[in-house]
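The values are calculated or read from the model by the stated rules, or taken from the named source; none is laboratory data. Since the model is a prediction, treat every value here as computed from it, not as a measurement. All Cβ positions, even for glycine, are placed from backbone atoms using ideal geometry, and neighbour counts span all protein chains on display.
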Amino acid sequence: MRAAEVQEAEAAAAPADEAAATPLERAKKALDSETLDKDVLTAALAELESEMGRLHAAASEASDRAKSLEASVASAKDQYLRLNADFDNFRRRTREESAALTDSVRGDVIKEMLPIVDNFELARTQVKAETEAEQKINNSYQGLYKQMVDLMRSLGVEAVPTTGTPFDPNIHDAIMREPSNSHPDGTVLQEFRKGFAIGGKLIRPAMVKVSFTEDGPAASSEE
């Protein structure tokens, strides 16, 4: 290739090389040139300044987007925590309401059974088996009574404490009072009808006789 052709090729490649170079590289090349061209340097610096401005704007935009994304993540996390807390509260309320409904239904069932229990209790205390046949009947009767008591216990039903305990108007119904010097004032002396509770909730108060001293106030179901 002749020298003229080489020079033409180099001249044609120069603009392409300059276009491919970054503004910083072109400014550095202008400074390193043996023949410093002020116009070329000024143009390179202006281009460099423009490029720096563009990069700064891009960085600022990226920072804003990052902050916006961070805020969105924080908001989503807050919503998740609140939804999770709401779900936990809903699940707890559902369990409590379900338990309350179950106790209520059980209570209604037990109330229907109480007259039968009372009859069994009355028969148990009054029946006196004297013959072998009467004893067999009594044993069968007591067996049925035990099954009913076991059924009530399996449903979570408990008899309220009575004889020997202090009178409690929340669980006792005092239908009789009796003076006594051998018991503290307000002591339950006798149970006339059993009281029952389920899950800490009273189904029926116990009917009882309560002691009182001549010098002290008489216990009353009105307390």
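Listed here are the residues, each with its yes/no results for (1) more than 30 Å from GLU96 (Cα to Cα); (2) of a type in the set (A, V, I, L, M); (3) modelled with pLDDT under 85; (4) more than 47 Å from the chain's Cα centre (by Cα).
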{"residue": "GLN126", "(1), (2), (3), (4)": "yes, no, yes, yes"}
{"residue": "GLN135", "(1), (2), (3), (4)": "yes, no, yes, yes"}
{"residue": "ILE171", "(1), (2), (3), (4)": "no, yes, no, no"}
{"residue": "ALA197", "(1), (2), (3), (4)": "no, yes, no, no"}
{"residue": "PRO205", "(1), (2), (3), (4)": "no, no, no, no"}
{"residue": "PHE212", "(1), (2), (3), (4)": "yes, no, no, yes"}
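Would you mind finding the one in SER98, SER75, SER50, SER63 that is in a helix (DSSP H, G or I), under 31 Å from the mean Cα position of the chain (by Cα), of a type in the set (S, T, N, Q) and modelled with pLDDT of 75 or more?
Working: SER98 fails: modelled with pLDDT of 75 or more; SER50 fails: under 31 Å from the mean Cα position of the chain (by Cα); SER63 fails: under 31 Å from the mean Cα position of the chain (by Cα).
Result: SER75 is the single residue among SER98, SER75, SER50, SER63 that is in a helix (DSSP H, G or I), under 31 Å from the mean Cα position of the chain (by Cα), of a type in the set (S, T, N, Q) and modelled with pLDDT of 75 or more.
Report yes if VAL105 is at pLDDT below 80 and of a type in the set (Val, Ile, Thr), otherwise no.
Numbers: at pLDDT below 80: yes; of a type in the set (Val, Ile, Thr): yes.
Considered against the rule, which asks whether it is at pLDDT below 80 and of a type in the set (Val, Ile, Thr), VAL105 comes out as yes.
Scan region 116-137 for residues that are of a type outside the set (Lys, Arg) and either closer than 29 Å to VAL105 by Cα or assigned to a loop (DSSP other than H, G, I, E, B) (or both) and report the count. Walk me through it before giving the result.
Initially, region 116-137 is screened for residues of a type outside the set (Lys, Arg), giving 116-123, 125-127, 129-135, 137.
If we keep only those that are either closer than 29 Å to VAL105 by Cα or assigned to a loop (DSSP other than H, G, I, E, B) (or both) as well, we get 116-123, 127, 129-131.
Matching residues across region 116-137 total 12.
Would you mind stating whether ALA9 is exposed (fewer than 10 other Cβ atoms within 10 Å of the Cβ) and at pLDDT below 65? Before you say what the answer is, go through the steps one by one.
Working: exposed (fewer than 10 other Cβ atoms within 10 Å of the Cβ): no; at pLDDT below 65: yes.
Criteria not met by ALA9.
Looking for whichever is touching a strand residue (DSSP E or B) at 6+ places or on another chain (Cβ under 7 Å) and within 30 Å of PRO184 (Cα to Cα) here; the options are GLY156, GLY164. Which one fits?
Working: GLY156 fails: within 30 Å of PRO184 (Cα to Cα).
Result: GLY164 is the single residue among GLY156, GLY164 that is touching a strand residue (DSSP E or B) at 6+ places or on another chain (Cβ under 7 Å) and within 30 Å of PRO184 (Cα to Cα).
Does region 138-159 contain any residue that is more than 20 Å from ARG106 (Cα to Cα) and in a loop (DSSP other than H, G, I, E, B)?
If we filter region 138-159 for residues that are more than 20 Å from ARG106 (Cα to Cα), which is where we start, we get 138-144.
After this cut, where a residue has to be in a loop (DSSP other than H, G, I, E, B) as well, the list is none.
No: region 138-159 contains no residue that is more than 20 Å from ARG106 (Cα to Cα) and in a loop (DSSP other than H, G, I, E, B).
Among the residues of region 160-212, write down those that are touching a residue at least 60 places away in the same chain (Cβ under 8 Å) and either outside any loop (DSSP other than H, G, I, E, B) or crowded, with 18+ Cβ neighbours inside 10 Å (or both).
Step one: list which residues in region 160-212 are touching a residue at least 60 places away in the same chain (Cβ under 8 Å), which gives 193-194, 196, 198-199, 201, 203-204.
Selection gives ARG193, PHE196, ILE198, LYS201, ILE203, ARG204.
Matching residues to (1) closer than 15 Å to ILE203 by Cα; (2) of a type outside the set (A, V, I, L, M, F, W, C):
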| position | (1), (2) |
| --- | --- |
| GLN135 | no, yes |
| GLY143 | no, yes |
| MET148 | no, no |
| GLY156 | yes, yes |
| PRO161 | yes, yes |
| GLY164 | no, yes |
| HIS172 | yes, yes |
| ILE175 | no, no |
| VAL188 | no, no |
